[in-house]
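Working notes, structure below.
The values are calculated or read from the model by the stated rules, or taken from the named source; none is laboratory data. Since this is a predicted model, take the numbers as computed values, not measurements. All Cβ positions, even for glycine, are placed from backbone atoms using ideal geometry, and neighbour counts span all protein chains on display.
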Amino acid sequence: MSDRDGLIWFDGEMVDWREAKTHVLTHTLHYGMGVFEGVRAYEAEQGTSIFRLEAHTDRLFNSAKIMNMPMPFSKEEINEAQRAAVRENNLKSAYIRPMVFYGSEGMGLRADNLKTHIIVAAWEWGAYMGEENLQRGIKIATSSFTRHHVNVTMTKAKSNGAYMNSMLALQEAISHGCDEALLLDTEGYVSEGSGENFFMVKDGVLYTPELTAALDGITRKTIIQMAKEEGFEVREKRITRDEVYIADEAFFTGTAAEVTPIRELDNRQIGSGSRGPVTELLQTKYFDVVHGRSAKHMDWLTPVA
Ligand SMILES: Cc1[nH+]cc(COP(=O)(O)O)c(CN[C@@H](CCC(=O)O)C(=O)O)c1O
């Protein structure tokens with residue numbers, strides 16, 4: 001990722017991609033206290049536009065507040081930094097990574113006189129789990145790793161260190177021939193994927209876990225609103241893994257994953273074993289909105305030009 005042409009926004013300046021470096025004694029590198037966002041810009045009718053920019057920036061600031069990290073720039077400055085990162089790199093579509101970290105001003109857990117730094121990088125990043133899986137659906141397995149306890153890791157913050165749990169779960173799933181992991185919470189109920197929120201469909205009703213241990217996903221929020229606009233009932237409830245086994249459809253949502261159908265969990269085929277009709281309808285609606293093809297929700301798109 002480090003050796004490429006381009007520019008990265010770093011503490012208020014656009015710097016050469018290869019020069020956007022930090023010292024090996026950077027505090028966040030050692031202790032993992034940092035917060036980040038995953039945001040997407042899409043080619044749209046009205047030009048390249050960032051999807052739900054303000055919602056992502058709000059969450060970034062909320063994550064920093066939860067971690068008690070002072071923010072040295074305003075929300076408006078970070079919104080503009082994301083627009084600039086896409087625009088200055090001449091990207092037609094992009095995955096955008098704002099990240100807030102403590103620098104090398106000190107070491108140790110006391111975190112005295114540390115300075116908060118912010119970078120915003122943007123690059124081309126296609127379908128998170130492959131174009132073919134957007135239709136075919138993915139194969140997942142229940143993880144042996146439990147999702148964070150809500151009083152151990154602050155799960156409403158998108159914090160750097162929380163993703164060791166995600167990486168361990170995803171690596172385990174891949175080692176067992178699966179595409180993704182499904183993590184249960186500390187009480188054994190379905191929580192979310194390593195980097196996605198979870199939905200299932202049963203008898204025409206959409207179900208998604210109560211947030212508790214899961215990240216308050218912006219795509220989750222978007223799909224819930226779109227589903228209700230289409231007349232579907234959406235219930236947030238405690239879901240058990242065996243309810244997923246006998247579901248009619250299941251899918252993940254996330255900025256990177258977008259709307260990814262799930263065809264199998266723990267060697268049990270879900271419904272038809274490929275993308276279901278409700279999943280397809282919501283996936284199509286989602287892609288129409290992010291590409292500016294839908295009259296609805298144009299306010300969710302922020303042009304970068
Ligand atoms: C744990 C987790 N849960 C749910 C979501 C969905 O949230 P939202 O993007 O607001 O709908 C994400 C985003 N995962 C990001 C990180 C992916 C990565 O590989 O890094 C993302 O999708 O950008 C998570 O990391």
If you take the residues in segment 26-79 that are β-branched (Val, Ile, Thr) and outside any loop (DSSP other than H, G, I, E, B), which one is surrounded by the fewest Cβ atoms within 10 Å (Cβ to Cβ)?
66
Going through segment 248-305 in order, the residues found to be farther than 30 Å from residue 79 by Cβ and part of a helix (DSSP H, G or I) are 277, 278, 279, 280, 281
What tally of residues in segment 129-142 results from selecting those that are surrounded by 20 or more Cβ atoms within 10 Å (Cβ to Cβ) and not hydrophobic (A, V, I, L, M, F, W, C)?
3
List pairs: first in segment 203-221 and within 16 Å of residue 158 (Cβ to Cβ), second near the ligand (Cβ under 6 Å from one of its atoms) and of a type in the set (Lys, Arg), Cβ under 9 Å, 6+ apart or cross-chain?
211/220; 214/220
Top-ranked residue in segment 210-242 [being more than 11 Å from the ligand (Cβ to nearest atom) and more than 22 Å from residue 281 (Cα to Cα); ranked as modelled with the lowest pLDDT]:
212
I want to confirm something. Restricting to segment 173-209 and keeping residues that are acidic (Asp, Glu) and within 14 Å of the ligand (Cβ to nearest atom), which single residue is nearest to residue 279 (Cα to Cα)?
196
When only residues in segment 138-165 that are away from the ligand (no atom under 13 Å from the Cβ) and either of a type in the set (Gly, Ala, Ser) or outside the structural domain of residue 221 (by TED's automatic domain parsing) (or both) count, which is farthest from residue 34 (Cα to Cα)?
141
Checking residue 65 against (1) free of Cβ contacts under 8 Å to residues at least 24 places away in the same chain; (2) under 25 Å from residue 257 (Cα atoms), which single condition isn't satisfied?
(2)
Verdict on residue 161 being surrounded by 17 or more Cβ atoms within 10 Å (Cβ to Cβ), in contact with a helix residue (DSSP H, G or I) (Cβ under 8 Å, 6 or more places away or on another chain) and of a type outside the set (Asp, Glu)
no
Go through the residues of segment 10-25 one by one and say whether even a single one is surrounded by 15 or more Cβ atoms within 10 Å (Cβ to Cβ), assigned to a strand (DSSP E or B) and touching a helix residue (DSSP H, G or I) at 6+ places or on another chain (Cβ under 8 Å).
yes
Would you mind telling me which numbered condition in (1) out of contact with any Ser or Thr (no Cβ under 6 Å at 6 or more places or on another chain); (2) surrounded by 15 or more Cβ atoms within 10 Å (Cβ to Cβ); (3) farther than 23 Å from residue 39 by Cβ residue 241 fails?
(1)
Would you mention how many residues in segment 121-160 are more than 15 Å from the chain's Cα centre (by Cα) and in contact (Cβ under 8 Å) with a residue 40 or more places away in the chain?
19
